[in-house]
Amino acid sequence: MKKIILTIALVVLNFIFTENILYSSLFKQTVQVEQLKEEIRYWNFYYEATIKYIKEHEGFNKGYSYYCPAGYNTIGYGHVIKANEYFPGRITESQADALVRKDFNAALSLLEQNSELTGTKKLAMAHFIFAKGIGSYLRSGLKECVDSNQPIEEEILKWCYYTKPDGTKIKSDYAYNIRKWELDLYNQQ
């Protein structure tokens, strides 16, 4: 009789502990899924805000190509036309949106290859790369500050100018406002 009671007790205890472990595991997974969903919502919100900001400060120019202040042939929302690209006439806003996302995602990808940044810091530095190029970022004191987790304000504000094709540098309030936006986004976290 003792063996039967002991066996029943072990089965009941096993069931209770297994059930608690099961519920605990499911609860942890549910919390992790909810945290992941929140991180995705957060990322999507700031990603779309960054795309919107690019569109606002680059402008659309009715879909025709134009020369940006730095002298590059550009179309859409700041897409620099490469030698192997051809855009006859004009493009639609939808096509311009696809180009800006492709260009910005390329900047994100380049940043991911050269940094461990996440969240809004990642978006801010990807925007810098979108605007100034990966080479400028890699050679800059800004990257050194980012990599060493130091404040970036002094370094990023050094980039408040345009370089014309002839090499002339022009200080710009417009560029200053963009760098300040990147700085604010970077410090968002």
Report task. For the stretch 53-69, state whether one or more residues are part of a helix (DSSP H, G or I), out of contact with any Phe, Trp or Tyr (no Cβ under 8 Å at 6 or more places or on another chain), among the aliphatic types (A, V, I, L, M) and more than 19 Å from T163 (Cα to Cα). Result -> no
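Among the residues of the stretch 57-75, is any touching a Cys at 6+ places or on another chain (Cβ under 6 Å), within 20 Å of A106 (Cα to Cα) and at pLDDT 65 or above? Lay out the reasoning, then the answer.
Keep residues of the stretch 57-75 that are touching a Cys at 6+ places or on another chain (Cβ under 6 Å), which gives 74.
Cutting the leftovers down to within 20 Å of A106 (Cα to Cα) gives us 74.
With at pLDDT 65 or above added as a condition, the list becomes 74.
There is at least one residue in the stretch 57-75 that is touching a Cys at 6+ places or on another chain (Cβ under 6 Å), within 20 Å of A106 (Cα to Cα) and at pLDDT 65 or above.
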Query raised in the report: Here are some conditions: (1) without any contact (Cβ under 8 Å) to a residue 12 or more places away in the chain; (2) more than 25 Å from K52 (Cβ to Cβ). E112 meets all but one. Which one does it not meet?
Result: (2)
**Report entry** Check on N114, closer than 22 Å to E56 by Cβ and either surrounded by 13 or more Cβ atoms within 10 Å (Cβ to Cβ) or modelled with pLDDT under 95 (or both)
**Finding:** no
Report task. State which residue pairs qualify: first residue within 19 Å of A49 (Cα to Cα) and acidic (D, E) and inside the stretch 169-189, second residue modelled with pLDDT of 90 or more and part of a helix (DSSP H, G or I) in any location, beta carbons under 7 Å apart, and separation of 6 or more residues or different chains. Result -> E182/A124; E182/H127; E182/F128; E182/I156
Query raised in the report: Based on what the data block shows, is A83 more than 25 Å from Y47 (Cβ to Cβ) and either at pLDDT 90 or above or surrounded by 13 or more Cβ atoms within 10 Å (Cβ to Cβ) (or both)?
Result: yes
Report summary line: When restricted to A124, A131, A107, A96, the only residue touching a helix residue (DSSP H, G or I) at 6+ places or on another chain (Cβ under 7 Å), part of a helix (DSSP H, G or I), of a type in the set (A, V, I, L, M) and modelled with pLDDT under 95 is A131
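Could you look through the stretch 88-106, keep only residues that are charged (D, E, K, R) and exposed (fewer than 14 other Cβ atoms within 10 Å of the Cβ), and pick out the one that is farthest from G59 (Cα to Cα)?
Let us first name the residues in the stretch 88-106 that are charged (D, E, K, R), namely 90, 93, 97, 101-103.
Okay, now just the ones that are also exposed (fewer than 14 other Cβ atoms within 10 Å of the Cβ), so 93, 102.
Numbers: E93: 11, K102: 17 Å.
Across the stretch 88-106, the extreme among qualifying residues is K102.
Considering only residues that are assigned to a helix (DSSP H, G or I) and touching a Leu at 6+ places or on another chain (Cβ under 9 Å), look in the stretch 139-167 and name the one that is surrounded by the fewest Cβ atoms within 10 Å (Cβ to Cβ). Lay out the reasoning, then the answer.
Filtering the stretch 139-167 down to residues assigned to a helix (DSSP H, G or I) leaves 139, 141-147, 153-159.
Those still in the list that are touching a Leu at 6+ places or on another chain (Cβ under 9 Å) too: 146, 153, 155-159.
Details: V146: 24, E153: 13, E155: 18, I156: 23, L157: 15, K158: 11, W159: 18.
So, considering only residues that are assigned to a helix (DSSP H, G or I) and touching a Leu at 6+ places or on another chain (Cβ under 9 Å), the one surrounded by the fewest Cβ atoms within 10 Å (Cβ to Cβ) is K158.
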Query raised in the report: In the stretch 73-82, what residues are touching a residue at least 12 places away in the same chain (Cβ under 8 Å) and part of a loop (DSSP other than H, G, I, E, B)?
Result: G76, Y77, G78, I81
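The values are calculated or read from the model by the stated rules, or taken from the named source; none is laboratory data. As the structure is a prediction and not an experimental result, all values here were calculated from the model. Reconstructed Cβ throughout: ideal geometry from the backbone, glycine too, with neighbour counts over all protein chains shown.
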